[in-house]
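Every number in this text was worked out from the coordinates using simple rules, so none of it is lab data. This structure is a prediction, so every number in the text was calculated from the model and none was measured. Using ideal geometry, Cβ is built from the backbone for each residue, glycine included, and neighbour counts are taken over all protein chains shown.
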Amino acid sequence: MTRRIFLVAKHEFVKTVFTRAFALLLALPLAVLMIPIVFGGGMVGLAGIASILSGDDEPLEIVHMHIADRSGALRAPESFVIEDEFEIHVTEVAAKGARAAALADQSDSAPTYLLVVHKEAMTTQEHSFTLYFDHTRAQEEEQVEDEAREWIRNSRFLHAGFDPEVVERQRRVSGERHRLEDMGRLQRLALLVKKGLPYGVLLLMYASASFGGNGLLTSTIEDRDNRMAEILLGSVSPHELMAGKILGHLGASLVLAIVWGGPVMPIIVGSSILAFVGPFQVIYVLAFVVLCTVIYASVTGSIGSTVSDIRQAQTLLTPLAVGTLVAMGPAVYVALYPETGWSLFLSLCPPFSVSAMAVRLSTEAGAPHYQVWISLLLSAGFAALMLAATGRIYRLGLLLRGSPPNLRTLLRWLMTP
């Protein structure tokens with residue numbers, strides 16, 4: 001029996017691992033790391049080349065500003081540039097007939113403004129000026145109005161006998177903000193790594209289970225479609241065939257998990273930042289990854305044995321996605337509050353315990369060894385029940401033809417002796 005299961009597992013492992021798709025999947029983390037380097041550096045280089053080849057910069061937009069000073073104390077500025085976008089040409093006009101003069105100066109169709117400074121501009125704070133414009137452009141209008149306020153403010157300083165530059169230096173105050181207990185860069189990095197490790201473990205667990213389960217789903221549908229499963233059932237039992245398939249795809253998932261997470265394991269175990277992570281925690285987490293993959297693959301294997309193509313499987317994959325979210329979602333709570341009673345309950349109660357205990361082990365609080373072993377035994381028992389149910393559904397659904405069964409039919413098959 002063991003030999004037959006091993007042969008089926010070897011066949012599934014080789015068929016899954018030695019493919020181009022699997023090789024590309026293994027290289028995915030490296031490709032993700034290279035994206036900022038390639039595209040970031042490439043875009044910067046292209047932008048530099050484009051700026052060199054373009055030659056001259058874009059011309060500035062010309063804006064006309066007419067100033068009618070009724071106060072007689074305004075320090076009118078010369079023509080100037082705002083933020084390398086607008087070049088403002090300033091013209092002083094008489095207060096009487098200022099609007100007519102501004103309207104007459106529109107020969108080149110450039111935007112035209114008229115700034116009328118009131119008589120009380122040097123003594124009053126409200127209604128010091130009126131700004132007229134011949135178009136609607138919010139950004140430009142706001143910038144011109146800010147400049148007008150600055151002109152009047154500086155003129156007030158001069159009128160009162162103060163140098164505007166001295167006043168500006170006195171008004172400028174710089175400062176820094178620090179925490180009462182200031183953390184250095186290393187402490188902030190340590191806090192970020194400690195907070196992110198449980199979520200990284202949860203993500204790795206989900207990726208491993210999804211890869212193994214979806215691979216088994218596809219393989220089971222293919223064997224059912226080309227009647228290869230009927231040939232194999234002449235030599236092995238349905239339970240042995242499904243166990244071998246699950247074992248083979250489990251091996252492929254472990255290879256994926258080791259390649260993705262293996263390079264950082266020595267850093268995590270030997271790092272002073274994550275001193276609470278030891279070899280036992282890594283072994284325990286790996287064991288829960290195995291159980292999670294077995295449970296997920298058992299369900300997808302059951303679905304694959306009852307459908308003829310992937311389109312028919314969609315109706316059953318939706319409840320599976322909801323069930324996966326319900327089973328793995330509480331692990332987020334465990335990552336945030338690992339020492340509460342609810343976290344202890346979730347880490348000991350299947351199916352939540354599979355992901356909850358793995359996440360709890362990756363937190364600084366950790367878990368006692370006896371609780372880990374209790375969770376492992378209960379989770380392993382739940383996985384064994386799922387394997388038995390999968391074998392029963394596989395035996396009944398493999399030879400089924402026609403429309404795929406619904407959830408009620410699958411539950412009835414589980415009750416069939």
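Taking other Cβ atoms within 10 Å as a rough exposure proxy, PHE6, PHE22 sort from fewest to most as PHE6, PHE22. Under 18 Å of direct C-alpha separation, and excluding same-chain neighbours fewer than eight residues apart, LYS10 reaches these lysines: LYS245. Using 0.36 nm per residue and subtracting the Cα-Cα separation, the extra length available between GLU339 and LYS194 on full extension is 50.7 nm. With both labels modelled 7 Å from their Cα along Cα-to-Cβ, the ASP146 to GLU222 distance reads 6.2 nm. Once the Cα-Cα distance is subtracted from the 0.36 nm per residue extended length, the ILE62 to GLU120 segment shows a gain of 17.8 nm. Potential lengthening of the chain between THR19 and ARG408 amounts to 136.3 nm, from the contour at 0.36 nm per residue minus the alpha-carbon distance.
Computed from the C-beta positions of VAL332 and LEU254 and an R0 of 25 Å, the FRET efficiency is 0.55 to the nearest 0.05. Highest average first, the peptides 358-369, 334-345, 284-295 ordered by how many other beta carbon atoms sit within 10 Å of their residues are 284-295, 358-369, 334-345. Looking only at the range 3-23, which residues have a backbone nitrogen under 15 Å from a spot 7 Å from the Cα of ILE310 in the C-beta direction? What the label zone holds, given the 15 Å backbone N cut-off, is 21-22. The mean of 1/r over all pairs of different alpha-carbon atoms in the range 317-406, once inverted, gives a Kirkwood hydrodynamic radius of 14.6 Å.
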